[in-house]
Amino acid sequence: MEPNYFSIYFNESIKILQTVDINELNKMVDIYKCLRENSGRLFILGVGGSCANASHAVNDFRKLVGIETYAPTDNVAELTARTNDEGWHTVFVEWLKVSHLNSNDAILILSVGGGNKEKNISVNIVEALLYAKNVGAKITGVVSRDGGYTKQMADACVLVPSIEPRITPHAEEMQGVVWHAIVNHPELSLIKN
């Protein structure tokens, strides 16, 4: 057993938290305030562990902030039907088309890498980003590594620093820290503590 593992892991988390760009968080709060004021909707997209985070974040944005929020991955029947019939790369963009994503809405990408079409990584996220940009929806994200397409296209994006060899666990844990901080922000939270 590695006696220092937990100290090392938690110190990495602390180091990451100390580097979070507060300006990007404030931009995200402003976007979500405007979204709620204009009765816009929020669509949260993620795969793998980020998919599970998306589902949890939907609850918090709906219940604590009062924004109509959805995660396409919560509809497993549609997700698998689209994957089977049209291909994995289409699952988000076609879901957003049926939902009539528009300029009053926003998407939140939760992703370790943020998507990269050239490297064929999370192309479903890339296609959703391109569609969101095309219809004028706001783009927000919490990503790691170099941020991928999400960082390039986002109106506001928190970039979680990569710490080897634990890039994915830190990226996914920080997604939770970031969205929990946002939904509890005094300008957004409907529940006053």
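The values are calculated or read from the model by the stated rules, or taken from the named source; none is laboratory data. The structure displayed is predicted, hence computed values, not measured ones. Cβ placement follows ideal geometry from the backbone for every residue including glycine, while neighbour counts extend to all protein chains displayed.
Pairs are defined by a Cβ separation below 7 Å, a sequence spacing of at least 6 or placement on different chains, a first member in region 5-30 that is over 17 Å from residue 180 (Cβ atoms), and a second member that is of a type in the set (Gly, Ala, Ser) and at pLDDT 95 or above; the pairs so defined are 27/156.
Screening the candidates 29, 76 for the property of being more than 18 Å from residue 147 (Cβ to Cβ), at pLDDT below 95 and among the β-branched types (Val, Ile, Thr) yields one hit, 76.
The set of residues from region 123-153 being among the hydroxyl-bearing types (Ser, Thr, Tyr) and either within 19 Å of residue 179 (Cβ to Cβ) or surrounded by fewer than 20 Cβ atoms within 10 Å (Cβ to Cβ) (or both) comprises 131, 140, 144, 150. Being touching a residue at least 12 places away in the same chain (Cβ under 8 Å) and of a type in the set (Gly, Ala, Ser), is that true of even one residue in region 75-98? Scanning region 75-98 turns up no residue that is touching a residue at least 12 places away in the same chain (Cβ under 8 Å) and of a type in the set (Gly, Ala, Ser). For region 159-168, a residue qualifies if it is in a loop (DSSP other than H, G, I, E, B) and farther than 11 Å from residue 16 by Cβ, and the qualifying residues are 164, 165.
For (1) touching a His at 6+ places or on another chain (Cβ under 6 Å); (2) among the acidic types (Asp, Glu); (3) in contact (Cβ under 8 Å) with a residue 12 or more places away in the chain; (4) not in a loop (DSSP other than H, G, I, E, B), each residue gets a yes or a no:
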{"position": "107", "(1), (2), (3), (4)": "no, no, yes, yes"}
{"position": "113", "(1), (2), (3), (4)": "no, no, yes, no"}
{"position": "119", "(1), (2), (3), (4)": "no, no, no, no"}
{"position": "133", "(1), (2), (3), (4)": "no, no, yes, yes"}
{"position": "157", "(1), (2), (3), (4)": "no, no, yes, yes"}
{"position": "170", "(1), (2), (3), (4)": "no, no, yes, yes"}
{"position": "174", "(1), (2), (3), (4)": "no, no, yes, yes"}
{"position": "189", "(1), (2), (3), (4)": "no, no, yes, no"}
